[in-house]
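Notes follow once the structure below has been shown.
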Amino acid sequence: MDWKTFQALLSGVNKYSTAFGRIWLSVVFVFRVLVYVVAAERVWGDEQKDFDCNTKQPGCTNVCYDEFFPISNIRLWALQLIFVTCPSLLVILHVAYREDRERRHRLKHGDQCAKLYDNTGKKHGGLWWTYLLSLIFKLLIELLFLYLLHTLWYGFGMPRLVQCANVAPCPNTVDCYIARPTEKKVFTYFMVGASAVCIVLTICEICYLIFHRLLRCLNKDRPRRGLSHSPSTCRCHHKLVEAGELGLDPGDGKLQASAPKLTPT
C-alpha cells in the first residue's frame, strides 16, 4: 500500500476540519500509520512461518494457525485504517461539488452576480450534515473493529501457547507456540490505545459540532436591529439560494443588495 499517497489525499481534509479533527488526523498518521508501517508489519511478518506446533502431521500446522488467526492482526489493522479514514473523503467530495457548482454559476450569470457560497469550505447546510455523518461513520467503524479484534482472539492479549483440539487433520490435541508473543501483545495494546484515543477525539468533535450549531441557531433567532433593505439588483439568486448553504453575514451590504429577502441560516 502506498501510504504516502494516502496521506497526501487526506491532508486536504485539514482545511475543512475543526481543531479536534486536526488532532485526530495527526494521531492517526503519527501513532497508527507510522507505527504500522515502521514496526508492526515487521513484528507480524513471520507469524505463520514461526507458528510452531508439536506435530509433523501434514496440514495440521496450517489449520491450527487458521483456527487461531482467522484474520491476521496486521491485515485487520490495515483495513481499519482504510475504512476509518474513507468517510473524511466525503467532505472533500462535497466541497469539490460546491466549487464546481459555484464555477458553473459564475459562467452562467457572470462575475457581477452574488456568489452562491461565501465560502465553499464553510460547514453550513448540507456540508455540515456531511461532516457530521462522516464523524458518525468513523466512530462506528472504530467500535466495530475493536469489537472484532476483541472477539476473534478472545481479548486483546497474545497467549504463548494455543491448543487445537478436534481440528482435522490433526490427530489429537496439538500444542502450538506463537513467535514473540510479548512483543505482539505490546503492539496490540498500543494500537488499541491509539484507536481508543481516536474514538474519544471523534466523540469530542461530534459534541463540539452540535454545540456550535446550536449556538449559531440561537444567535440567528435573536431579533436583529439596524437591518435596512434595498431593491434587488441580482435576479439570479431568487431561485438558486439553498437554505443554510450561503453562510453570509446578514449585515453585509452586498447581501442586502443582491438578496434582500433571504434569511441566512
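The values are calculated or read from the model by the stated rules, or taken from the named source; none is laboratory data. Computed from a predicted model, the values in this text were never measured in an experiment. Please note: Cβ atoms are built from the backbone with ideal geometry, for glycine as well, and neighbour counts cover all protein chains shown. Keep in mind that these areas ignore ligands, DNA and RNA; they rest on the heavy atoms of the full protein, side chains included. Shrake-Rupley method; radii C 1.70, N 1.55, O 1.52, S 1.80 Å.
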Kindly indicate whether any position in region 69-89 is in a helix (DSSP H, G or I) and more than 30 Å from G155 (Cα to Cα).
yes
Being of a type in the set (V, I, T), buried (at least 17 other Cβ atoms within 10 Å of the Cβ), assigned to a helix (DSSP H, G or I) and under 25 Å from the mean Cα position of the chain (by Cα), is that true of even one residue in region 133-140?
no
Could you run through region 47-99 and say how many residues are open to solvent by 50 Å² or more (accessible area, probe 1.4 Å), in contact (Cβ under 8 Å) with a residue 12 or more places away in the chain and of a type in the set (F, W, Y)?
1
Could you please tell me which pairs satisfy a Cβ distance under 8 Å, a separation of 6+ or placement on different chains, a first residue in region 137-160 that is under 28 Å from L89 (Cβ atoms), and a second residue that is among the aliphatic types (A, V, I, L, M) and not in a helix (DSSP H, G or I)?
L148/I71; L152/I71
Quick one: is T130 β-branched (V, I, T), modelled with pLDDT of 75 or more and closer than 28 Å to R213 by Cβ?
yes
I want to confirm something. Restricting to region 17-64 and keeping residues that are among the aromatic types (F, W, Y) and over 22 Å from the mean Cα position of the chain (by Cα), which single residue is nearest to T173 (Cα to Cα)?
F51
Does W44 fit the bill of being open to solvent by less than 80 Å² (accessible area, probe 1.4 Å) and closer than 24 Å to L127 by Cα?
no
Would it be correct to say that K220 is modelled with pLDDT under 80, surrounded by 12 or more Cβ atoms within 10 Å (Cβ to Cβ), over 30 Å from K56 (Cβ atoms) and among the basic types (K, R)?
yes
Can you work out which of the residues in region 1-34 that are open to solvent by 30 Å² or more (accessible area, probe 1.4 Å) and β-branched (V, I, T) is modelled with the lowest pLDDT?
T5
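Listed here are the residues, each with its yes/no results for (1) farther than 26 Å from G59 by Cα; (2) open to solvent by less than 60 Å² (accessible area, probe 1.4 Å); (3) assigned to a helix (DSSP H, G or I).
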{"site": "Q112", "(1), (2), (3)": "yes, no, no"}
{"site": "K123", "(1), (2), (3)": "yes, yes, no"}
{"site": "L143", "(1), (2), (3)": "yes, no, yes"}
{"site": "V167", "(1), (2), (3)": "no, yes, no"}
{"site": "C170", "(1), (2), (3)": "no, yes, no"}
Among E183, E205, which is at pLDDT 85 or above, in contact with a Phe, Trp or Tyr (Cβ under 6 Å, 6 or more places away or on another chain) and of a type outside the set (S, T, N, Q)?
E205
For region 32-68, which residues satisfy the criterion of being among the hydrophobic types (A, V, I, L, M, F, W, C) and over 26 Å from V197 (Cβ atoms)?
F51, C53, C60, V63, C64, F68
